[in-house]
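A short write-up of the structure that comes next.
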Amino acid sequence: MSKLTVYDQQGAEAGTVEFPDSRLPNRSKGRQALRESVIAEQAARRAGTASTLSKGRVSGSGTKPWRQKGTGRARAGYKQSPVWRGGGVAFGPHPRDYSVKVNRRSARLAFQLAFSDAIVAEQVKVVEAIELDEPRTRHWTALMKALNVSAPALFMLGTVGENVRLATRNIANVEVVRADSVSAYRVMRYPTLVLDRDGLAAVRKRFEPLRRAGSHRSGEKAAPAGTGSEEAS
């Protein structure tokens, strides 16, 4: 059982919270899922707008620059040739989508591994609640100073209020995200993770086992045997 100290906004200890080790995955397995998740997010950030003109797209006449023989020059068929200055580009880049699909279970396992590594490395800090009365950057920096947290840091909250969003957007290397949707890449990127109570509850839900497809919902009963085609006959 991993115990995490809970602090208030003034930096004083307000208790402890337990994160059951039974929910933590085997950290020696599943690293491929973590790698794929990080690569997929980095690939999705690529604009994919690099573009060049092939020889068929370069404007110009299709007239032969000079006759085939008798000039002493190398033979040439068109000015758009890739070997000519101002010609097309052979095998050049064109706009494309770099996004890679990651299965839901793989992305879930990747987050679990990244957050488990942070717990083992003692990089997780829990705050009772994080609230700001007004959107002032100095109030947020004072909060970080009271919690003994310095940038770079990732704040994983249950809900990101408007005051918090406005107060943190001007601080370098400090990011505030929702705990129920933060990716494994962001968890790995920051050396310090700060969560509030609601954020920790959202993270715990992401460690719960997924229900199998086709399983019956709670309160619903399976159809009794012997129904259907047997009754119709």
**Q.** Binned Cα-Cα distances of the chain, short to long, each 5 Å bin given as a whole percent
**A.** 1, 5, 10, 12, 11, 9, 8, 7, 5, 5, 5, 5, 5, 4, 3, 2, 1, 1, 0
**Q.** Square roots of five times the Cα gyration tensor eigenvalues for the range 47-97, Å
**A.** 29, 10, 6
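Defining a contact as two alpha carbons under 8 Å apart and six or more residues distant in sequence, what relative contact order in percent does the range 47-97 show?
Values: 74 pairs, mean separation 26.3, N = 51.
Answer for the range 47-97 is 52 percent.
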Q. Quick one: length gained pulling Gln10 to Arg197 fully straight, 0.36 nm per residue minus the C-alpha distance?
A. 65.8 nm
Q | Cα extents of the range 84-179 along the three principal axes, largest first (Å) | A | 64, 34, 23
Q) For the range 47-97, what is the charge dipole size about the Cα centre, in debye to the nearest 20, if Lys and Arg each add +1 at the Cβ and Asp and Glu each add -1 at the Cβ? A) 420 debye
**Q.** Lys/Arg +1, Asp/Glu -1 at C-beta; the range 100-209 dipole; positive extreme among Val187, Thr141, Ala153
**A.** Val187
Q.
Assuming 0.36 nm per residue, please report the length gained on full extension of the stretch Ser28 to Leu166 beyond their Cα-Cα distance.
A. 45.7 nm
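Looking at the chain, what % of its DSSP beta bridges pair antiparallel, to the nearest 5? Let's see the in-between values first.
On the way: 6 of 20 bridges.
If we restrict to bridges inside the chain, about 30 percent are antiparallel.
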Q: Report the one residue of Gln80, Val58, Phe91 whose Cα lies farthest in the direction of the positive end of the charge dipole of the range 47-97 (charges on C-beta: Lys and Arg +1, Asp and Glu -1; origin at the Cα centre).
A: Gln80
Q | Nitroxide proxy distance, nm - points 7 Å out along Cα→Cβ at Ala146 and Ala44 | A | 3.5 nm
**Q.** Whole-number percent relative contact order across the range 1-157, with pairs defined as alpha carbons under 8 Å at least 6 apart
**A.** 33 percent
**Q.** Dipole-positive endmost among Asn103, Leu210, Gln42 within the chain (Cβ charges, Cα centre)
**A.** Gln42
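Assuming a viscosity of 0.890 mPa s and a temperature of 25 °C, what translational diffusion coefficient in µm² per second does Stokes-Einstein assign to the range 1-136, Rh being the Kirkwood radius over Cα pairs? Don't skip to the answer; put the middle values down first.
On the way: Rh = 21.3 Å.
Answer from the Stokes-Einstein relation: 115 µm²/s.
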Q: Could I have the simple spin-label model distance between Lys3 and Asp117, label points 7 Å from Cα toward Cβ, reported in nm to one decimal?
A: 2.8 nm
Q) Measuring from label point to label point, each 7 Å out along Cα→Cβ, what is the Trp84 to Arg57 span in nm? A) 1.9 nm
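Read-outs throughout are calculated quantities, based only on the coordinates presented, and are distinct from any laboratory measurement. As the structure is a prediction and not an experimental result, all values here were calculated from the model. Note that each Cβ is placed from the backbone with ideal geometry, even for glycine, and that neighbours are counted across all protein chains shown.
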